[in-house]
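Below is one structure; the comments refer to it alone.
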Amino acid sequence: MATQNAGPRLSFEVFPPNSQVGVDKLTGTLDELKGLDPSFISVTCSNHKLDYAKTTIDLAKYVHEKLDCPTMVHMPAAYVTKKEVSHILDQLELMHIDQILALRGDIVDGFTPETDFKYASDLTKFIKQQKPNFHVSGAAYPETHPDSKNRIDDIVHLKQKVDAGCDQLITQLFYDNDEFYRFQEECAISGINVPILAGIMPVVNRKQALHVVENCHATLPKKFIAILDKYKDNPVALKEAGIAYAVDQIVDLVTNDVDGIHLYTMNKSDTAKHIYNNTASLFNLESASPIVD
Ligand code: FAD
């Protein structure tokens with residue numbers, strides 16, 4: 001098994017499926033992702049009060065206990081109270097899971113948020129008070145969070161989040177590395193000096209491509225739009241070109257000394273495997289060798 005040395009780290013993100021079939025499929029995916037020796041696997045969490053955390057904790061438990069893989073739990077807090085968060089933190093501690101991505105979560109139209117955690121920084125501070133040994137990450141937006149008035153405000157708030165106790169940042173997806181480098185510089189100027197992991201989401205199908213084009217606030221470079229246009233009716237070519245684009249982004253980021261790559265896997269191990277096979281040596285893996293299907 002390859003082990004990661006100091007140097008850029010590779011991590012993966014998965015989400016809890018909403019059906020048993022999905023869960024069964026994801027189990028196989030996770031086994032394969034674990035084989036790629038990530039520095040951690042993170043598990044997203046819906047911020048809707050009704051299904052809060054149960055599916056996320058079950059999945060995180062599987063990753064941590066069955067796969068013996070470092071695990072990060074996403075914790076959006078707009079719709080939960082301090083008491084509920086305390087309970088979840090205690091549960092996680094008992095499972096020896098001590099990595100949290102502290103989030104505010106999106107505010108859902110028609111649902112009034114609770115008042116205990118107005119911003120992710122409030123949650124970060126609370127976690128650090130309750131569990132000082134936990135490792136807390138925060139979300140970051142190279143092209144500015146959509147609720148922010150401007151870039152400066154967003155960076156000022158990000159600095160407050162780091163000062164509240166964030167140990168590292170993980171970014172929203174982006175397709176233009178120059179936007180990331182500009183953000184890195186702004187962080188450095190503002191005194192934000194925790195590691196920043198770059199969030200990369202390869203576009204591998206038409207549905208996802210449309211979602212990115214319609215909903216994502218990221219800058220879409222000409223080269224990227226050309227791929228989506230040219231291969232929109234050719235699923236195999238779209239997937240290959242989408243993966244090649246992500247590999248190109250990763251090679252450039254690692255060459256420029258990024259702290260880590262956080263891959264949004266969309267619960268698909270084959271995409272992660274393709275990317276691993278094309279970039280493993282960049283991540284200082286001791287015995288990086290291609291994984292054969
Ligand atoms: P915050 O850091 O609180 O920022 C939200 C907004 O408030 C920003 O505009 C910020 O500038 C502003 N702000 C912050 N502090 C202040 C202040 N003191 N005064 C005024 N304004 C302020 N969502 C989920 O529901 N589940 C997930 O699992 C999930 N995973 C994610 C993983 C990553 C890597 C990323 C990047 C995002 C993820 N999200 C997830 C989405 C995230 O919850 C939303 O983007 C949400 O709208 C903002 O959450 P945040 O933690 O960044 O909020």
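With (1) part of a loop (DSSP other than H, G, I, E, B); (2) open to solvent by 60 Å² or more (accessible area, probe 1.4 Å); (3) more than 8 Å from the ligand (Cβ to nearest atom); (4) touching a residue at least 12 places away in the same chain (Cβ under 8 Å) as the list, and Thr115 as the residue in question, which single condition is left unmet? Only one criterion in (1) part of a loop (DSSP other than H, G, I, E, B); (2) open to solvent by 60 Å² or more (accessible area, probe 1.4 Å); (3) more than 8 Å from the ligand (Cβ to nearest atom); (4) touching a residue at least 12 places away in the same chain (Cβ under 8 Å) is unmet by Thr115, namely (4).
Conditions (1) touching a Lys or Arg at 6+ places or on another chain (Cβ under 6 Å); (2) more than 13 Å from the ligand (Cβ to nearest atom); (3) under 29 Å from Val213 (Cβ atoms); (4) open to solvent by 50 Å² or more (accessible area, probe 1.4 Å), marked per residue:
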| residue | (1), (2), (3), (4) |
| --- | --- |
| His96 | no, yes, no, yes |
| Leu123 | no, no, no, no |
| Val136 | no, no, no, no |
| Ile155 | no, no, yes, no |
| Val162 | no, no, no, no |
| Gln172 | no, no, yes, yes |
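Do we have any residue at all in the stretch 139-148 that's within 15 Å of the ligand (Cβ to nearest atom), in contact with a Phe, Trp or Tyr (Cβ under 9 Å, 6 or more places away or on another chain) and farther than 16 Å from Ile192 by Cα? Taking every residue of the stretch 139-148 in turn, at least one turns out to be within 15 Å of the ligand (Cβ to nearest atom), in contact with a Phe, Trp or Tyr (Cβ under 9 Å, 6 or more places away or on another chain) and farther than 16 Å from Ile192 by Cα. Of the helices (runs of 4 or more DSSP H) lying entirely inside the stretch 198-283, the ones with 2 or more residues being free of Cβ contacts under 8 Å to residues at least 12 places away in the same chain and over 30 Å from Leu59 (Cα atoms) are found at 222-230, 235-255.
Is it true that some residue in the stretch 60-76 is assigned to a helix (DSSP H, G or I), within 15 Å of the ligand (Cβ to nearest atom) and under 22 Å from Asp106 (Cβ atoms)?
Filtering the stretch 60-76 down to residues assigned to a helix (DSSP H, G or I) leaves 60-66.
Next cut, within 15 Å of the ligand (Cβ to nearest atom) only: 60, 63.
Adding the requirement that they be under 22 Å from Asp106 (Cβ atoms) leaves 60.
The answer is yes, given that some residue of the stretch 60-76 is assigned to a helix (DSSP H, G or I), within 15 Å of the ligand (Cβ to nearest atom) and under 22 Å from Asp106 (Cβ atoms).
Residues checked against (1) among the β-branched types (Val, Ile, Thr); (2) under 21 Å from the mean Cα position of the chain (by Cα):
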site	(1), (2)
Asn133	no, no
Tyr141	no, yes
Thr144	yes, yes
Ser148	no, yes
Asp154	no, yes
Lys161	no, yes
Gln168	no, yes
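The values are calculated or read from the model by the stated rules, or taken from the named source; none is laboratory data. Here the structure is a predicted model, which means the values were calculated and not measured. FYI the Cβ positions are ideal-geometry reconstructions off the backbone, even for glycines, and counts take in every protein chain you see. The accessibility values were calculated without ligands, DNA or RNA, using every heavy atom of the protein model including side chains. Shrake-Rupley method; radii C 1.70, N 1.55, O 1.52, S 1.80 Å.
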